[in-house]
Amino acid sequence: MSATIVEKIFSQHCGRPVRAGEVVMAPVDAAMIHDITGPLAIRVFYEMGGERVFDPERIIMLFDHQVPADSIPAAENHVFMRRFAEEQGIHNYDMREGVCHQVVMEKGRAAPGEIVVGTDSHTCTYGAAGAFATGIGSTDMGFVLKFGALYFRVPESILLEIDGKFGQRVGAKDLILYLAGDIGADGATYMALEFTGRAIRDMDMAGRMTCANMAIEMGAKAGIIPPDATTRDYITERREVGSYDLASDPDASYRERRHYDITELAPQVAVPHNVDNVVDVTEVAGTKIDQVFIGSCTNGRYEDLAEAAEVIGAADRFADSVRVIVIPASRTEYLKALRAGLIERFVEAGALVEAPCCGPCMGGAFGLLAPGEVSLSTSNRNFRGRQGSTLASVYLSSPATAAASALYGEITDPREV
């Protein structure tokens, strides 16, 4: 029988043909926990009588949300997780490597055909590698830590065929924001978004990660991109994989098929207070902003930083009225940017460049907004209170739009800079 890529992945793991809608117990290939959700998962593991985790080599542990520890409770959580890692023989990346989703990808901990779970909603990022990757709750993760498997309802898939070529200073973030606006925050609830088409095939891994990352913003259980030569080049630098021959059958059954042509796509902005409240940048150009954040698991890679640096040019400075925070997604990406001179350029332009971490994205550590303040962010969520006060406003954009706006102190079309 014909099958989608998601159905094929579950069929392989279950050892029999599996179809969308079935509830199955499937083994996982990797499980990720971080400093916010990890402690509860570990406590559940112990409450279930857990003594040894199912496989310490398949567990990914790191700290990224509150690093360095910004409170005594945060420091206590770090200590608790370090002790668990030592007790169980788990390699702990600790606070040294960066944001969990970037680190999982660049360390080769997700690969085509795998099932990867994480106690973070943006675990779907790893779908860029051709994996079925999804976020789960800490209670479910306690079960996974003990048994190495979990119950799943195999999701139906929505096929997104993206064709055309991006225009000047328009890219993956603009595309995924547009899709969120078109599909809606609950338009793909508990489904898998399968990204295909010429525009996706032409996209580098950084762009693919941006798209897969925000599948959850449409309610999707996962976002996945069939592996190809670009995937192979990325993964083979990091690990060995048996096969990249994984794709949906041409006559596979989808819940829906959608086609888009990005040729005329303009820079997009999500306006407060929902990710699917998306408009062309021209509709909000001129909106005064107090802070710009360039970073996060959505747009903190070298390619994103290079895009922002290209917009600001060699001599321009950010507006004095705007606080600009730049955070590379990982130590590896930080070093790439450092060696390319991008970090120096950001500092010269007036930015505060921070060590790899989540930073202002969830309003947990620093860069918080006061009542009435406005932020333009390259991150993935703009819910009320997401980056500080519930009386503040957060807009979402691409790195190009964020950099252009930082130059003028107001939301600016990057094509005009």
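Before moving on, here are some points about what is shown:
- For region 377-417, residues that are open to solvent by 20 Å² or more (accessible area, probe 1.4 Å) and within 15 Å of N299 (Cα to Cα) total 2.
- Tabulated pairs, region 62-79, first free of Cβ contacts under 8 Å to residues at least 60 places away in the same chain, second in a helix (DSSP H, G or I) and not hydrophobic (A, V, I, L, M, F, W, C), C-beta under 6 angstrom, 6+ apart or interchain: F63/H78; A69/H78; N77/P39
- Some residue of region 224-237 being at pLDDT below 95 and either closer than 19 Å to G181 by Cβ or among the basic types (K, R) (or both): yes
- Under the condition of being within 20 Å of the chain's Cα centre (by Cα) and acidic (D, E), the residues counted in region 257-282 number 1.
- Of the residues T210, T134, the single one that is farther than 24 Å from H13 by Cβ, touching a Lys or Arg at 6+ places or on another chain (Cβ under 7 Å), polar (S, T, N, Q) and not in a loop (DSSP other than H, G, I, E, B) is T210.
- I36 being modelled with pLDDT under 95, under 19 Å from V79 (Cα atoms) and out of contact with any Lys or Arg (no Cβ under 6 Å at 6 or more places or on another chain): yes
- Taking region 1-96 and the strands (runs of 3 or more DSSP E) fully enclosed by it, the elements with 2 or more residues that are within 21 Å of the chain's Cα centre (by Cα) are at 30-33, 59-61.
- Residue pairs whose Cβ atoms lie under 8 Å apart, separated by 6 or more positions or on different chains, with the first residue in region 312-333 and more than 21 Å from A355 (Cβ to Cβ) and small (G, A, S) and the second assigned to a loop (DSSP other than H, G, I, E, B) and open to solvent by 10 Å² or more (accessible area, probe 1.4 Å), are S321/D290.
Yes/no matrix, rows are residues, columns are (1) small (G, A, S); (2) open to solvent by less than 40 Å² (accessible area, probe 1.4 Å); (3) farther than 16 Å from A192 by Cβ; (4) in contact (Cβ under 8 Å) with a residue 60 or more places away in the chain:
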| residue | (1), (2), (3), (4) |
| --- | --- |
| S11 | yes, yes, no, no |
| A31 | yes, yes, yes, yes |
| T37 | no, yes, yes, yes |
| F54 | no, no, yes, yes |
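- Among (1) open to solvent by 20 Å² or more (accessible area, probe 1.4 Å); (2) closer than 28 Å to M48 by Cα, the one test that V144 misses: (1)
- Any hit, region 85-104, residues being within 30 Å of I158 (Cβ to Cβ), at pLDDT 95 or above and surrounded by fewer than 23 Cβ atoms within 10 Å (Cβ to Cβ): no
- Within region 287-305, residues that are farther than 13 Å from P399 by Cα have Cβ atoms under 8 Å from residues that are of a type in the set (F, W, Y) in these pairs: T287/Y395; I289/Y395, counting only partners at least 6 apart in sequence or on another chain.
- Residues that are in a loop (DSSP other than H, G, I, E, B) and within 20 Å of H259 (Cα to Cα) were ranked within region 194-207; the one that is most open to solvent (accessible area, probe 1.4 Å) is D202.
- Looking only at region 265-316, and only at residues there that are within 16 Å of G409 (Cα to Cα) and among the acidic types (D, E), the one that is most open to solvent (accessible area, probe 1.4 Å): D316
- A319 being at negative phi, of a type in the set (G, A, S), out of contact with any strand residue (DSSP E or B) (no Cβ under 6 Å at 6 or more places or on another chain) and not in a helix (DSSP H, G or I): yes
- Residue match in region 243-264 (condition: in a loop (DSSP other than H, G, I, E, B), free of Cβ contacts under 8 Å to residues at least 60 places away in the same chain, open to solvent by 60 Å² or more (accessible area, probe 1.4 Å) and of a type outside the set (A, V, I, L, M, F, W, C)): yes
The values are calculated or read from the model by the stated rules, or taken from the named source; none is laboratory data. From a predicted model like this one, the values you see are computed outputs, not experimental measurements. Ideal geometry is used to build each Cβ from the backbone, glycine not excepted, and the neighbour counts take in all protein chains shown. Accessible surface is based on the protein model in full, side chains and every heavy atom, while ligands, DNA and RNA are left aside. Shrake-Rupley method; radii C 1.70, N 1.55, O 1.52, S 1.80 Å.
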